[in-house]
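A.B. asks: Have a look at this one.
The values are calculated or read from the model by the stated rules, or taken from the named source; none is laboratory data. Only a predicted model underlies this, so the values are computations on that prediction, with no experimental measurement involved. With ideal geometry, Cβ positions are generated from the backbone for all residues, glycine too; neighbour counts draw on all protein chains shown.
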Amino acid sequence: MKTISHLIDGQVVAGTSGNTTEVYNPATGQQTGVLDLASVEEVDAAVASAQAAFESWGKTSLATRTKLMFAFRNLVTENATELAALLTAEHGKVLSDSAGEIARAIENIEYACGIAEHLKGDYNEAASTGVDVYSVRQPLGVVAGITPFNFPMMVPLWMIPNAIACGNTFVLKPSERDPSAPLFMAELFQQAGFPPGVLNVVQGDKLAVDRLLDHPDVKAASFVGSTPIAKYVQERAQASGKRVQALGGAKNHMVVLPDADIDMAADAAVSAAYGSAGERCMAISVVAAVGPVADPLIDAIKVRMEKLTIGDGTNPESEMGPLVTKQSQERVAGYVAGAVEQGADVVVDGRDQNFDNDGYFIGVTLIDNVTTDMDCYKDEIFGPVLSVVRCDTYQEGVDLIKNNPWGNGAAIFTQNGAAARQFQEDADAGMVGINVPVPVPVGYHSFGGWKDSLFGDTTMYGPEGVRFFSKAKVITSRWPDPANSRVDLGFPTNQ
């Protein structure tokens, strides 16, 4: 059984705290590894390594940073198959889904490869007589990332490439549930030629998180996870004077209008609700079916659900794998039971499907006649459960999104351009899809929702990621003839 530990100052090092936790294969329920959990002293060692590395890395030329980032990008691409296998072994998602996650992660590395362009400042010559004004962006120092189990490769690479390309050094605290892929990614980072200490990985639990949030040498913290923890991270990080970006949970709605193509909408609903077993913050968990579209849409969704193959993610025929833990499996089953008790109609019950082994499997569920006071609507289930809320009008569908506490993503399916154009204005969410169910932005835009889906200073990756991981400085420059120098207590004006 393998032991998974930390990467500090360019080397994989065994844990010394004596505290460990188990790592499992969700498809079998079998333990596959032991994870060392960092002590405060080990977190401090990682931060100290990053701080020491920053003294030179922050002054390294853009040309060198770009060259190394390209080398890292190439190594991730070359090792994509092994990385995908590690993801599937510890998260449970199917191999094709793991490969897709890595492909989206590479987009963010590629964006950071253009850091020389992204860090360009502005220049005004002769803003005043003999005075030039220009701006630059400089690194913050040591920054930290705290990342979730559902995208153990992609989310760290939402943060790391931009942060390091901007001249910062980084301490990553990945999820305890699937730590092997991010650790291997960090080893590839060392192989690319980055100096020791530029990227450090500490495995850990709340103790490690709190130490990173409190550490005086950590200048910024980036987080993705549930809304309660995102609020906690924001408050604790800001209390210690840090910049913070903290992405929380979601309840994403897909409004389907009566003119929508039923087959296309059903394909999209099934794909967006059950991909990655619903364990993603951009999953569609509510279909707002407007008017007469509800019955034919539900029938079409049900037909597609019955054809899905659920099984071990390593099986090429599997379209959906298990949930990440036994607790997640039980939690999802509890929401389905609660929906029945609260009066909803369970059209397809994922609890009825049997599986051959002790993995954390549950079938896909479709619930009709859901109302906004039901727990299956109010809570983020984070599993393969799709709720249908029947609406009489377009406005009712829009109001569902407006009145929901989350504002991550929203989508509309329609063949009416005017309705689609109106929806992109009306939808109270940070990311909107028009006939696109999961509107995750490409790497050169930025990711982030509104309301209880985002806390802190900025959204993530792309242009906002560069702004978050750098600070602006404006320089006003004048080279006058010393013979004309004099004391002037008046307020400076631009002449």
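A.B. asks: Among what's in region 212-246 and is among the aliphatic types (A, V, I, L, M), in a helix (DSSP H, G or I) and out of contact with any Gly (no Cβ under 7 Å at 6 or more places or on another chain), pick the residue that is surrounded by the fewest Cβ atoms within 10 Å (Cβ to Cβ).
C.D. replies: Ala239
A.B. asks: Enumerate the pairs (first residue in region 360-389 and outside the structural domain of Ala89 (by TED's automatic domain parsing) and touching a residue at least 24 places away in the same chain (Cβ under 8 Å); second residue anywhere and of a type in the set (Asp, Glu) and not in a loop (DSSP other than H, G, I, E, B)) with beta-carbon separation below 8 Å, excluding pairs fewer than 6 apart on the same chain, so at least 6 apart or on different chains.
C.D. replies: The qualifying pairs are Gly363/Asp352; Ile367/Asp345; Asp368/Asp345; Asn369/Asp345; Val388/Asp368.
A.B. asks: Take the residues in region 83-122 that are acidic (Asp, Glu) and more than 26 Å from Gly359 (Cβ to Cβ); name whichever of them is surrounded by the most Cβ atoms within 10 Å (Cβ to Cβ).
C.D. replies: This residue is Glu107.
A.B. asks: Now a separate question. Within region 330-378, track down each residue that is of a type in the set (A, V, I, L, M), outside any loop (DSSP other than H, G, I, E, B) and touching a helix residue (DSSP H, G or I) at 6+ places or on another chain (Cβ under 8 Å).
C.D. replies: Val332, Ala333, Val336, Ala337, Ala339, Val346, Val347, Val348, Leu366, Ile367
A.B. asks: Which residues, taken from region 247-261, are over 16 Å from the mean Cα position of the chain (by Cα) and either assigned to a loop (DSSP other than H, G, I, E, B) or modelled with pLDDT under 95 (or both)?
C.D. replies: Passing the criteria: Leu257, Pro258, Asp259, Ala260, Asp261.
Residues are listed down the side, and each one gets a yes or a no for (1) more than 13 Å from Tyr274 (Cα to Cα); (2) surrounded by 14 or more Cβ atoms within 10 Å (Cβ to Cβ); (3) without any contact (Cβ under 8 Å) to a residue 60 or more places away in the chain:
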| position | (1), (2), (3) |
| --- | --- |
| Leu308 | no, yes, yes |
| Pro316 | yes, no, no |
| Glu330 | yes, no, yes |
| Tyr335 | yes, yes, yes |
| Asn357 | yes, no, no |
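A.B. asks: Would you mind finding the one in Glu176, Glu235, Glu187 that is acidic (Asp, Glu), over 23 Å from Val40 (Cβ atoms) and out of contact with any helix residue (DSSP H, G or I) (no Cβ under 8 Å at 6 or more places or on another chain)?
C.D. replies: Residue meeting the stated conditions: Glu187.
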